[in-house]
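The structure appears below as structure tokens.
The values are calculated or read from the model by the stated rules, or taken from the named source; none is laboratory data. Small disclaimer: the values here were computed from a predicted structure and weren't measured. Here the Cβ positions follow ideal geometry from the backbone for every residue, glycine too, while neighbour counts run over all protein chains shown.
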Amino acid sequence: MVKYEYKKKKVSTKKKLIIVFTIILLIIISILLYLHYVVNPIIIDASEAKVRSLTQSAVESAVYDVIKDEYLYSDLIEIIKDSNNDIKMISANAYKINLLSKEILNSAQNNLTTLGEQGIEIGIGTFTGITLFTDKGPKVSLKLSPIGTIYTRFHSEFTSAGINQTNHSIYLYVQTDVSLILPTDTKVISTTTEVLLTESIIQGKIPDTYLNSNQLDEMLNLVPKN
């Protein structure tokens, strides 16, 4: 009688290492995909409002630190009247506006740099990807990084304030881009902050060329910012 012996085939150490490495690699890839497609969107939703609020506060603080009581309406705008005291022209003081814009840009950039160093805090529960745990638990810090150039735009607005009286307001719009550093990605958050710079009541009838056009806005925004 012939005997057949069954020998169990041994897996080599090299093959074991390959299998272990493959499993670990798949786990890492799965975690990264989960973070990217599940966790990151939840972190963005939880953080975006905070980033916008902090960015707007940084810009507003920069504007108010610059203007304080130093820039009055008469510093930026000149009203030219004829012999009958009727308004002939409204012009912008290019030098003062250019100086103001540069000071605001520098101050805003400094504030945003400080904000970037501080970052924002978010609950560690957010990283589970479970909405119920969003912003729950101990806080962890996410890094922020201001990117690119800060853009400014002036806007002039006229509103009636009575017979032959017009309220003239000048607004500044500041657009900033801040990058939110996430575990597997970055998210650029753009914020536009509107700030009232100055306003004044103008006595007399204002020509329609200013009321019904962007003429004054163009004068304000043609001033070089660099």
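Residues that are within 15 Å of VAL51 (Cβ to Cβ) and in a loop (DSSP other than H, G, I, E, B) were ranked within the range 134-177; the one that is nearest to the chain's Cα centre (by Cα) is LYS143.
The rows are residues; the columns are (1) of a type in the set (Gly, Ala, Ser); (2) at pLDDT below 85; (3) surrounded by fewer than 17 Cβ atoms within 10 Å (Cβ to Cβ); (4) over 18 Å from LEU220 (Cβ atoms).
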| residue | (1), (2), (3), (4) |
| --- | --- |
| TYR64 | no, no, yes, yes |
| ASP69 | no, yes, yes, yes |
| LEU72 | no, yes, yes, no |
| ILE77 | no, no, no, no |
| LYS81 | no, yes, yes, yes |
| LEU99 | no, no, yes, no |
| ASN106 | no, no, yes, yes |
| THR114 | no, no, yes, yes |
| GLY123 | yes, yes, yes, yes |
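In the range 34-91, which residue that is farther than 30 Å from ASP208 by Cα and hydroxyl-bearing (Ser, Thr, Tyr) is nearest to the chain's Cα centre (by Cα)? Among those residues, the one meeting the criterion is THR55. If you check GLY116, GLY123, GLY137, GLY129 for being touching an Asp or Glu at 6+ places or on another chain (Cβ under 7 Å) and closer than 30 Å to ASP185 by Cβ, only one passes: GLY123. Considering the conditions (1) surrounded by fewer than 18 Cβ atoms within 10 Å (Cβ to Cβ); (2) over 29 Å from the mean Cα position of the chain (by Cα); (3) of a type in the set (Val, Ile, Thr), VAL188 is excluded by exactly one of them, (2). Pairs under 8 Å by beta carbon, first residue at pLDDT below 90 and among the charged types (D, E, K, R) in the range 183-207, partner surrounded by fewer than 17 Cβ atoms within 10 Å (Cβ to Cβ) and in a strand (DSSP E or B), six or more apart or different chains? Matching pairs, first to second residue: GLU199/ASN167; GLU199/SER169.
In the range 1-44, of all residues being surrounded by 12 or more Cβ atoms within 10 Å (Cβ to Cβ) and in contact with a helix residue (DSSP H, G or I) (Cβ under 9 Å, 6 or more places away or on another chain), the one that is modelled with the lowest pLDDT corresponds to LEU35.
For first residues located in the range 110-121 and free of Cβ contacts under 8 Å to residues at least 60 places away in the same chain, partners that are among the aromatic types (Phe, Trp, Tyr) and lie 6+ apart or on another chain with Cβ distances below 6 Å do not occur. Give me the residue from the range 161-182 that is crowded, with 18+ Cβ neighbours inside 10 Å and either within 11 Å of ILE147 (Cβ to Cβ) or touching a Cys at 6+ places or on another chain (Cβ under 6 Å) (or both) and, out of that set, modelled with the lowest pLDDT. Across the range 161-182, the extreme among qualifying residues is LEU180. Whether a residue is in contact (Cβ under 8 Å) with a residue 40 or more places away in the chain, touching a helix residue (DSSP H, G or I) at 6+ places or on another chain (Cβ under 8 Å) and either closer than 14 Å to VAL39 by Cβ or of a type in the set (Phe, Trp, Tyr) (or both) was assessed, and LEU144 does not pass this test.
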